[in-house]
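I have placed the structure first, in the form of structure tokens, so that the comments after it can refer back to it.
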Amino acid sequence: MRPSELLALAETIPGCLSQIEMAALLALALEVRSHPGDIVEVGALFGKSTVLLTAGGHVTTIDCGGPVVQWMLDASEPKPTAQLGDDVTAHLHRYLEPFRPGVTVAPGLSELVLPTLSDRSAKLVFLDGDHCSPAVDADIRQAMRLVQPGGILVLHDFRTVPEYQPWPDVQDALWRAMRQNGVITEWPRAMFAGRIGAWYRLA
Ligand SMILES: C[S@@+](CC[C@H](N)C(=O)[O-])C[C@H]1O[C@@H](n2cnc3c(N)ncnc32)[C@H](O)[C@@H]1O
């Protein structure tokens, strides 16, 4: 699908990305389109972000699934047709149907799935799963292991913007991970859009 078609389709999927964040995620995915390697996502919900990431190539998306709960209905735009208690993963599969085999859904907790992926196998990692410590610490540590030289680490809810719930643990976790062992020098360039923060690993 062309990038403009992906954007139009993603707009119809309920989820947690503003318009500027959708555009930014699409642009980041397009940046790595010609790179080898996989795109890894944690936290698909109904697949809004996943669809945009397919602009960059194959996506492995990890989500623990479970029932639709109130915050998903409250936070989503457009409003979901899903009902409380529906299976999130069933909706995800339905929305991602047109993208097979370009997307692999890996059901489960990121703390169990991310460690099974190979070092430096990802050209882009997008984290939008559990936003609280210690889970976000673990996800960022794993993501930094997975992103290959020249690749991009992208966090949702890294920044606080008006009208959206703040998630301070995400920023704290990134800072802790970057500070360790002078790793910060490996990620010298960053980009911010809405609540998104993206870091480029040195090639
Ligand atoms: C904020 S939503 C993701 C929104 C999505 N990226 C979008 O564009 O609409 C968070 C998702 O992360 C999943 N999740 C939360 N904690 C997780 C964990 N530890 N491992 C895997 N998935 C998790 C939830 O099931 C939920 O679908």
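Summary of computed values
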quantity	calculated
Qualifying position, being within 13 Å of the ligand (Cβ to nearest atom), more than 12 Å from the chain's Cα centre (by Cα) and surrounded by fewer than 13 Cβ atoms within 10 Å (Cβ to Cβ), among Leu112, Leu84	Leu112
Residue count, region 35-56 (criterion: part of a loop (DSSP other than H, G, I, E, B) and at negative phi)	4
Lys79 away from the ligand (no atom under 12 Å from the Cβ) and buried (at least 18 other Cβ atoms within 10 Å of the Cβ)	no
Flag if Asp157 is out of contact with any Pro (no Cβ under 6 Å at 6 or more places or on another chain) and either at negative phi or assigned to a helix (DSSP H, G or I) (or both)	no
Count of residues meeting criterion [within 14 Å of the ligand (Cβ to nearest atom) and surrounded by fewer than 23 Cβ atoms within 10 Å (Cβ to Cβ)] in region 32-53	1
Subset of region 160-203 that is at positive phi and out of contact with any Ser or Thr (no Cβ under 9 Å at 6 or more places or on another chain) - its residue that is surrounded by the fewest Cβ atoms within 10 Å (Cβ to Cβ)	Glu163
Residue pairs meeting the criteria (Cβ under 8 Å; at least 6 apart or on separate chains; first without any contact (Cβ under 8 Å) to a residue 40 or more places away in the chain and farther than 19 Å from Phe126 by Cβ, in region 59-78; second near the ligand (Cβ under 7 Å from one of its atoms) and part of a helix (DSSP H, G or I))	Gly66/Val88; Pro67/Val88; Val68/Val88
Subset of region 54-76 that is in contact with an Asp or Glu (Cβ under 6 Å, 6 or more places away or on another chain) and not hydrophobic (A, V, I, L, M, F, W, C) - its residue that is farthest from the ligand (Cβ to nearest atom)	His58
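A short reminder: the numbers here are calculations on the coordinates, not readings from a lab. These figures come from a predicted structure and were not determined experimentally. As a convention, Cβ positions derive from the backbone with ideal geometry for all residues, glycine included, and neighbour counts pool all protein chains shown.
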